1. Exactly one of these conditions fails for PHE25: (1) of a type outside the set (Gly, Ala, Ser); (2) modelled with pLDDT of 95 or more; (3) within 28 Å of ASP133 (Cα to Cα). Give me its number.
2. Would you pick out the residues in segment 305-342 that are of a type in the set (Val, Ile, Thr), touching a strand residue (DSSP E or B) at 6+ places or on another chain (Cβ under 6 Å) and open to solvent by 10 Å² or more (accessible area, probe 1.4 Å)?
3. Taking into account only those residues within segment 116-151 that are of a type in the set (Val, Ile, Thr) and more than 17 Å from VAL57 (Cα to Cα), which is surrounded by the fewest Cβ atoms within 10 Å (Cβ to Cβ)?
4. Determine whether ILE1 is in contact with a Gly (Cβ under 8 Å, 6 or more places away or on another chain), under 27 Å from GLY163 (Cβ atoms), touching a residue at least 12 places away in the same chain (Cβ under 8 Å) and among the aliphatic types (A, V, I, L, M).
5. At least 3 residues that are under 25 Å from ALA80 (Cβ atoms) and in contact with a Gly (Cβ under 9 Å, 6 or more places away or on another chain) in each: list the strands (runs of 3 or more DSSP E) lying fully within segment 113-196 that qualify.
6. Hey, among the residues in segment 1-55 that are among the aliphatic types (A, V, I, L, M) and touching a strand residue (DSSP E or B) at 6+ places or on another chain (Cβ under 6 Å), which one's farthest from PRO89 (Cα to Cα)?
7. It is to be established whether one or more residues within segment 345-352 are surrounded by fewer than 17 Cβ atoms within 10 Å (Cβ to Cβ), in contact with a strand residue (DSSP E or B) (Cβ under 6 Å, 6 or more places away or on another chain), within 20 Å of GLY377 (Cβ to Cβ) and at pLDDT 95 or above.
8. Exactly one condition in (1) crowded, with 22+ Cβ neighbours inside 10 Å; (2) assigned to a loop (DSSP other than H, G, I, E, B); (3) not hydrophobic (A, V, I, L, M, F, W, C) is false for ASN232; which is it?
Amino acid sequence: ITEEMGKPKGEAREEAEGAVDKDDFLDLVQKANADELLGDDEEEGAQSLVIRDPLGVVVVISPWNFPSDEILLLALPALAAGNTVIVKPSEVTPLVGKMTVEAVTSALPPNVLQIVQGDGEVGTWLVENDDVDMVAMTGSTAVGKIIMSQCANGLKRLVLELGGKDPMIVFADADLDLAASDAVKYSLSNTGQVCCSFERVYVDSSIKEDFESKVVEIASSYKVGDGRDEENKVGPLVSKLQRDRVSEQVDAALKSGAKLLFKSSTPESAPEDASFYPVTVLGDVEQTNEIQKIETFGPVVSLATFDGTEEEAIRLANDTEYGLASAVYTTDSKKATRVARRIRSGQVGINCYSIDYANTAAPWVGHRNSGYGYHSGMDGWRQFSVPKSLVFVGSASK
């Protein structure tokens, strides 16, 4: 993983360990696909049994940022539902994709799970193929919309987990040490290349200076360098193109009045065309700025302020085309619940990063332009099959 896409070794190890620890996950997937006997209709002497049929051939298109785990999150429930599966890994991480698929294939009958390597043209061919019944993809919103249009003529089933611009709200009564630590950790995890990174941190203006100081202190401990070196918490970005995109967003924000609160160094020995980008902390970021609107996917902590009211926090959090995840930090649980209920996102962490603490059976949902359909959780796993009702009357119901 580290060799192919640069993820820091410690995080890559966590992904690999998670990939082989799927027992609880698979137990729940099986339960999601179990037959369900509905209540008897005593007057008619009838029973209804809901079973689930496989869809057929499912294509899984996986991303480079979690090149092993995302394959499994989509392919395993598709297989458990009785489908055959074709995986197209990202062309950036073909070896990780190959190793992951081969590990699962070793426990399956021949050809139930197959892999096809290639770029977007190969993906298009798979998606448009008449023998494909469903497409499950994790990636950008732009590519997701293309796939959705390609599936339209065949009315193919779809699960799309797409981009995000996730907000973190920090009220004045929050545990500031915890909030500052999480703001940095989950803005910089995987070098910021996570669809549910904290990309917009809104801080009550009354605690602005204290919070900024804590964030800068923590961010300064993050060393940028070769992901193979355990002491480096931030590796290279996936490409020079991505590095340049992040740089353009940061430069535009600074020109628009944002303040540069911190900027780390990058390896002096790195070649000029390396894709390292410094850990960067911005303050006083305006809501109208591009860096508050467009997915950054880089090691940037973007801090903005709000007036401390629930209404303003909700307005700013929802001022986006996306709706993947979000977080609310406050010691007032009732306030947290009120705000969380009104944020338009699939999951909200209360004083936490939701994906780290969510129950295995909870779905992973993208609202608005962050997804179509959803995966994980009972509801998500059932999207890889179609229900069928068997209705028994009279003696047959016995």
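1. Tallying (1) of a type outside the set (Gly, Ala, Ser); (2) modelled with pLDDT of 95 or more; (3) within 28 Å of ASP133 (Cα to Cα), PHE25 fails exactly one: (2).
2. Passing the criteria: only THR305.
3. Within segment 116-151, the match that is surrounded by the fewest Cβ atoms within 10 Å (Cβ to Cβ) is ILE146.
4. no
5. 134-138, 157-161
6. ALA46
7. Yes: segment 345-352 contains one or more residues that are surrounded by fewer than 17 Cβ atoms within 10 Å (Cβ to Cβ), in contact with a strand residue (DSSP E or B) (Cβ under 6 Å, 6 or more places away or on another chain), within 20 Å of GLY377 (Cβ to Cβ) and at pLDDT 95 or above.
8. (1)
The values are calculated or read from the model by the stated rules, or taken from the named source; none is laboratory data. Computed from a predicted structure; not experimentally measured. No Cβ is skipped: glycine too gets one built from the backbone with ideal geometry, and neighbour counts run over all protein chains shown. The protein model used for the area step is the full one, side chains on, heavy atoms only, and it has no ligands, DNA or RNA in it. Shrake-Rupley method; radii C 1.70, N 1.55, O 1.52, S 1.80 Å.
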